[in-house]
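Working notes, structure below.
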Amino acid sequence: MRGEFRRLLLVATVVTAVGSACDRDTASQVPEPSVGAKYTLIAGELPFYDSGCNQDRKPDGKLTAGTLFHLVAADDGCWLVTLEDEVDTYVRPNSDLIKSRRK
């Protein structure tokens with residue numbers, strides 16, 4: 001009986017570990033761009049650029065966790081977004097962005 005319990009415990013541990021690894025892989029991906037969709041920065045900071053993602057200077061600032069914006073255009077990993085205050089800026093999305101659910 002003890003041997004069976006140990007085997008079940010081992011199987012449960014392995015299944016949990018594999019499931020967690022799969023979740024991490026999914027969560028580490030940049031969301032698919034969907035023009036017109038609303039996105040939220042759920043963690044960390046995201047640099048933004050006034051003149052495009054390939055400007056010849058440092059970022060113009062950083063968006064902070066909780067920032068909401070709409071995707072206007074996406075090109076080669078650079079997104080043109082409109083913030084809630086209607087300011088347009090450019091970002092390079094990362095895995096801290098999530099597509100917001102429409103209510």
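Just so you know, all these numbers are worked out from the coordinates, no wet-lab data involved. Keep in mind that what you see is a predicted model, and the values were worked out from it rather than measured. As a convention, Cβ positions derive from the backbone with ideal geometry for all residues, glycine included, and neighbour counts pool all protein chains shown.
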Give the residues of the range 72-103 whose amide nitrogen is closer than 11 Å to a point set 7 Å from the Cα of A43 in the direction of its Cβ. 95-97
Sorted on mean Cβ neighbours within 10 Å (highest first), peptides 45-54, 31-40 come out as 45-54, 31-40
Label point distance in nm, V35-D75, each placed 7 Å from Cα along Cα→Cβ: 1.1
